[in-house]
Amino acid sequence: GIQVEQSPPDLILQEGANSTLRCNFSDSVNNLQWFHQNPWGQLINLFYIPSGTKQNGRLSATTVATERYSLLYISSSQTTDSGVYFCAGPWGGGNKLTFGTGTQLKVEL
Amino acid sequence: ETGVTQTPRHLVMGMTNKKSLKCEQHLGHNAMYWYKQSAKKPLELMFVYSLEERVENNSVPSRFSPECPNSSHLFLHLHTLQPEDSALYLCASSQDSAGDSPLHFGNGTRLTVT
């Protein structure tokens with residue numbers, strides 16, 4: 001199945017800083033998704049981005065499918081951005097997503 | 001998000017108990033999923049239902065038994081669990097399982113098996 005690697009595994013930011021999270025995948029995908037898991041465990045879908053760039057407020061994501069990676073940009077980080085960020089890609093057809101191990105982000109005042 | 005709701009939020013059960021987890025989606029989606037999240041491990045897909053038909057059983061032990069009575073409801077029946085089954089169980093839904101629609105998760109049920 002597809003392998004999904006995320007970097008960095010851990011990240012600490014001061015409030016207001018910008019950051020870039022990376023997701024590498026071992027095979028071509030047509031369904032790359034980014035999620036944020038808050039400290040209470042809820043997973044929120046941030047982006048469905050098989051290719052190109054999308055923006056949603058202070059967050060944006062870019063997927064370069066031909067080079068098998070995706071980037072999540074967080075600008076002007078806030079303490080509420082803390083949590084774990086996962087990317088996920090499909091395997092075996094359909095919506096059976098393989099999740100990466102995540103990037104644990106902590107934003108400090 | 002309130003589109004996918006799971007109950008209970010927390011559950012403690014002994015190894016001989018029988019319990020059920022419930023998931024309901026209000027998004028009009030056709031596909032529903034159960035995922036397991038254990039400490040320091042990636043999310044693991046357990047089951048996929050599309051239009052109430054099970055389309056995937058990802059080598060899950062028989063002590064976990066899913067049920068999908070309609071496209072809005074999904075259950076996970078639990079019996080004779082082991083302590084290593086303690087985890088966060090997440091329900092999700094998507095418009096379809098064709099791989100071209102975003103996945104939406106519920107808040108999860110944190111299960112502890114004693």
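Data overview
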| item | result |
| --- | --- |
| Chymotrypsin sites (Phe, Trp or Tyr not before Pro) restricted to region B:1-74 and DSSP loop, no more than 11 other C-beta within 10 Å | none |
| Which listed pairs, of A:K106/B:K41; A:K54/B:K41; A:K106/B:K22; B:K19/B:K41, have C-alpha distances above 26 Å, in listed order | A:K54/B:K41; A:K106/B:K22 |
| Exposure proxy order (Cβ contacts within 10 Å, fewest to most) of B:D96, A:D81, A:D10 | A:D10, B:D96, A:D81 |
| 5 Å-binned pair-distance histogram of chain B (Cα, whole percent) | 2, 13, 24, 26, 19, 10, 4, 1, 0 |
| Pairwise FRET efficiency - B:S38 versus B:N58, Cβ, R0 = 22 Å, nearest 0.05 | 0.95 |
| Chain A - share of DSSP beta bridges that are antiparallel (%, nearest 5) | 90 percent |
| Value of relative contact order over chain A, rounded to a whole percent, pairs C-alpha under 8 Å and six or more apart | 37 percent |
| Residue-by-residue Karplus 3J(HN,Hα) for region B:21-29, coefficients 6.51, -1.76, 1.60, Hz, glycine and proline x | 9, 10, 9, 9, 10, 10, 9, x, 7 |
| Of the trypsin sites (Lys or Arg not before Pro) in region A:1-103, those whose Cβ has at most 14 other Cβ within 10 Å and which sit in DSSP loop | A:R58 |
| C-alpha center-to-center spacing [region B:65-87, region A:3-24] in angstrom | 33 Å |
| Nitroxide proxy distance, nm - points 7 Å out along Cα→Cβ at B:K22 and B:T7 | 0.4 nm |
| Simple spin-label estimate for A:Q3 and A:R22 in nanometres, 7 Å along Cα-Cβ | 1.5 nm |
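All of the numbers you see were taken from the coordinates with simple rules; none came from a lab. Everything numeric in this text was worked out from a predicted model, so none of it was measured. Every residue, glycine as well, gets a Cβ built from its backbone with ideal geometry; the counts of neighbours run over all protein chains shown.
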